[in-house]
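Below is one structure, written out as structure tokens; comments come after it.
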Amino acid sequence: MLRSMYAGISGMKANQVKMDVVGNNVANVGTTAYKKTATRFSDALYQNTIYASAPGGGIGGVNPGQVGIGSKVSGIFKNMVQGAIQPTGRPTDLAIDGDGLFKVKLSENNYAYTRDGSFNLDANGNLVTAEGYYVVGEDNNPIKIPKAVDANGNPVDVGTANSKRVLSFNISKEGKISYLLEDGTKMPVLDDKGVIVKGTQQTLNIAVFKNPEGLEALGGNLYKASANSGDPIKTQVMGKINQGAIEMSNVDLSEEFTEMIVTTRAFQAASKVITTSDELLQEIINLKR
């Protein structure tokens, strides 16, 4: 069988994978905080038809002669470049401008990470994702917006004689949460040095990875740490939180349509190699006549 047929088959398979990736990017052009992926190829096997030889005996050296046997997918890379920030006005919508991901709790001692900050509040005041997973703070406890606070500024679920209702909440650029009470005061109360003198402080857990492209996608805009992403690192260098906004997909449709055209033509060319090789084999068979 001709080697060119196997080369054509490998080219079709590789370009089919690339088309799958392009199709997924196009399908997620409107997905919040989606990160596009790209396919890379490499040449596959080679068969030596001429072996290299060194100069000597009055003659020069000979270069190797090799015939390639197709291509293969060498990698599918995720592009973690930030998407555009879109204002929404919803206080529970959060966008990270810069590095980092929100940490969410899937189950007991099971956490994931996301750039999708389109959060909601449940009936208990917990900040949750669209699928109901808890958004956690630096202490890995769920972020909870209380209905009221007592005289010491501690959260309470029932209104009492000495408690004050929470009217709204604010999340700073650093992810620190404060509340506006019904009497117009803010909680927690800080001194001139920023030390808490009354109330408690909740801070969003923003995870930063050395290799965010190594995160494993779980679906639902969630990621988990992999062997090549490493664990979150302790650093003060992280993105700033924008309340009332979300991050858009970083897919560029013009690029994806161009890749779609190139991939289609490459697939057609590889299939043409197979049909042409078949014609050559037919000529060989016809030699018998």
Problem set entry | Ratio of Rg to Rh over the range 85-247 (Cα coordinates, Kirkwood Rh, two decimals) | 0.99
Exercise. Just in the range 178-226: which GluC sites (Glu not before Pro) are loop by DSSP and have at most 14 other Cβ atoms within 10 Å?
Worked result: GLU182
Exercise. Taking only DSSP H segments of four or more residues, each worth -39500 (n - 2.57), what value at 222 nm results for the chain once the sum is divided by all its residues, to the nearest 500 deg cm²/dmol?
Worked result: -7500 deg cm²/dmol
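Just the number, please: Stokes-Einstein D of the range 48-180 in µm²/s, Kirkwood Rh from C-alpha pairs, 10 °C, 1.306 mPa s.
80 µm²/s
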Exercise. Taking the convex hull of the alpha carbon atoms in the range 1-123, what volume per residue do you get, in Å³?
Worked result: 224 Å³
Exercise. On full extension of the chain, what length is gained from THR276 through LEU180, given 0.36 nm per residue of separation minus the C-alpha to C-alpha distance?
Worked result: 27.1 nm
Exercise. So what is the relative contact order of the range 131-289, in percent, for Cα pairs below 8 Å that sit 6 or more residues apart?
Worked result: 15 percent
For this session: Equivalent ellipsoid semi-axes for the chain, as square roots of 5 times the alpha carbon gyration tensor eigenvalues: give them largest first, rounded to whole Å.
Result: 60, 21, 14
Exercise. Kirkwood Rh, Cα Rg: Rg to Rh for the range 199-264?
Worked result: 1.10
Exercise. Against the longest alpha carbon principal axis of the chain, how many degrees, from 0 to 90 and to the nearest 10, is the axis of helix 253-286 turned?
Worked result: 30 degrees
For this session: Classify the range 167-242 as rounded, prolate or oblate, taking a ≥ b ≥ c as the square roots of the eigenvalues of its Cα gyration tensor: rounded when a/c is under 1.5, otherwise prolate if a/b is larger than b/c and oblate if not.
Result: prolate
Exercise. Mind ordering 153-162, 57-66, 91-100 by average Cβ neighbours within 10 Å, highest first?
Worked result: 91-100, 153-162, 57-66
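Using a Förster distance of 25 Å, how high is the FRET efficiency between ASN63 and SER42, based on the Cβ-Cβ distance and rounded to 0.05?
0.70
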Seminar exercise, completed: Filtered hits (lysines, Cα-Cα < 20 Å from LYS78, offset >= 8 within chain) -> LYS18, LYS35, LYS36, LYS103, LYS210, LYS224
For this session: Pick out, in residue order, every one of the trypsin sites (Lys or Arg not before Pro) in the range 121-183 that is DSSP loop and has at most 14 other C-beta atoms within 10 Å; say none if there are none.
Result: LYS173
Exercise. Given labels modelled 7 Å from the Cα in the Cβ direction, how far is it in nm from GLU255 to SER226?
Worked result: 1.9 nm
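Computed from the coordinates by the stated procedures, all read-outs in this text should not be read as laboratory data. Everything quoted here is computed from the prediction, not taken from an experiment. Don't worry about glycine lacking a Cβ; one is built from the backbone with ideal geometry, like all the others, and counts go over all protein chains shown.
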